[in-house]
Ligand code: 3PG
């Protein structure tokens, strides 16, 4: 059994050692393709792989066609918008993610970004405190719940909206106020922390009509996906509303323009770093390896996302 770990953005060494140990014990061969710069390197490496572990690496139809032995792909992380699920399903390939394993790392970054924006990106000048402000959690999944908990610990009033969780007790047990629409969430929040996946329903859904509901001085913190933001409309709105700020962990296509026009009101990390902690790499990487072993040894498909 050959397992390829294809990570353009490699895991920490502690995680890669742990992954290799798991596969050594199972009697599998482990091959690492790290920091690759060319799609062809992935196409070559995948051709004799039975299993594949990836992060945000793109598993397109072309990659799947180049992998005749592939039976399982595990996205070590939460979002699987980088995997062609339809082609995987058509080829009988199981796709899984590792939900929750890197959530704390992303949540800590979201909170860090809130404070960073509240304090003028740590440059001179008067900032503000996040204590007492209203925090809106857009999608109450693994990351959103932790951001909510940390927001409460910092003295914020926490609101949440999730179209897939209508039971108010889910929010109320965490001391979080559920709101009944996404429009309401954006209307009340001084900070919105975005945790929606990128899919047909959400692409460009953070548009001007929604974002202009934000109260005076609000900040949008996006540690989810850039595709969910209509970047052109965001640019228009930032020009009209000098009070709004945008921080993101996913480099916008128009970042140079945003920076030139809006200076310290916008911020992006150069490369997605929400899950870039040793702890998250170990949690997600080892979970991915264990899921692959369980898949081959017992047929365990618990985390399958292409059902
Ligand atoms: C995820 O979906 O798990 C996060 O966006 C992390 O992605 P990464 O593994 O590419 O850092």
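Bear in mind these aren't lab numbers, they're just calculated from the coordinates by the rules spelled out. Since we're looking at a predicted model, the values are computed, not measured. Positions of Cβ are backbone-derived with ideal geometry, glycine not excepted, and every protein chain shown enters the neighbour counts.
Using 1/(1 + (r/R0)^6) with R0 = 45 angstrom and r between the beta carbons of residue 1 and residue 203, what's the FRET efficiency to the nearest 0.05?
Calculated transfer efficiency: 0.75.
Please state the relative contact order of the stretch 171-307 as a whole percent: Cα pairs under 8 Å, 6+ residues apart?
17 percent
With only alpha-carbon atoms in the gyration tensor, what are the semi-axes of the equivalent ellipsoid for the chain, in Å, largest first?
Square roots of five times the eigenvalues give 36, 20, 18 Å.
Compute the angle between helix 231-240 and the longest alpha-carbon principal axis of the chain, please, reported from 0 to 90 degrees and rounded to the nearest 10.
10 degrees
Can you compute the helix-only [θ] at 222 nm over the chain? Use -39500 (n - 2.57) per DSSP H run of at least 4 residues, normalise by all residues, nearest 500 deg cm²/dmol.
-11000 deg cm²/dmol
Mean separation of Cα pairs under 8 Å and 6+ residues apart, divided by the residue count of the chain: what relative contact order is that in percent?
It comes to 19 percent, rounded to a whole number.
Would you kindly state how much longer the chain becomes between residue 187 and residue 17 on full extension, computed as 0.36 nm times their sequence separation minus their alpha carbon distance, in nm to one decimal?
Gain on stretching residue 187 to residue 17: 56.5 nm.
Return the distance in nm (one decimal) between the two label points of a simple spin-label model at residue 31 and residue 9, each offset 7 Å from Cα along Cα→Cβ.
2.5 nm
Mind jotting down the distance between the C-alpha centroids of the stretch 237-307 and the stretch 1-72, whole Å?
20 Å
Please give the contour-minus-distance gain from residue 294 to residue 257: 0.36 nm per residue of separation, less the Cα-Cα distance, rounded to one decimal in nm.
8.6 nm
If you count the DSSP beta bridges with both ends in the chain, what percent of them are antiparallel, to the nearest 5?
In the chain, approximately 0 percent of DSSP beta bridges are antiparallel ones.
Before anything else, pin down the relative contact order of the stretch 97-198: Cα pairs under 8 Å, at least 6 apart, normalised by residue count, whole percent.
Reported as a whole number, the value is 30 percent.
Against the longest principal axis of the chain, how steep is helix 278-298, in degrees 0 to 90 to the nearest 10, with axes from Cα atoms?
The answer is roughly 40 degrees.
Extending each Cα 7 Å along its Cβ direction at residue 69 and residue 166, get the distance between those two points in nm, one decimal.
For the pair residue 69/residue 166, the computed spacing is 4.8 nm.
Nearest 10 degrees, 0 to 90: what angle lies between the long axis of helix 13-26 and the longest principal axis of the chain (Cα atoms)?
40 degrees
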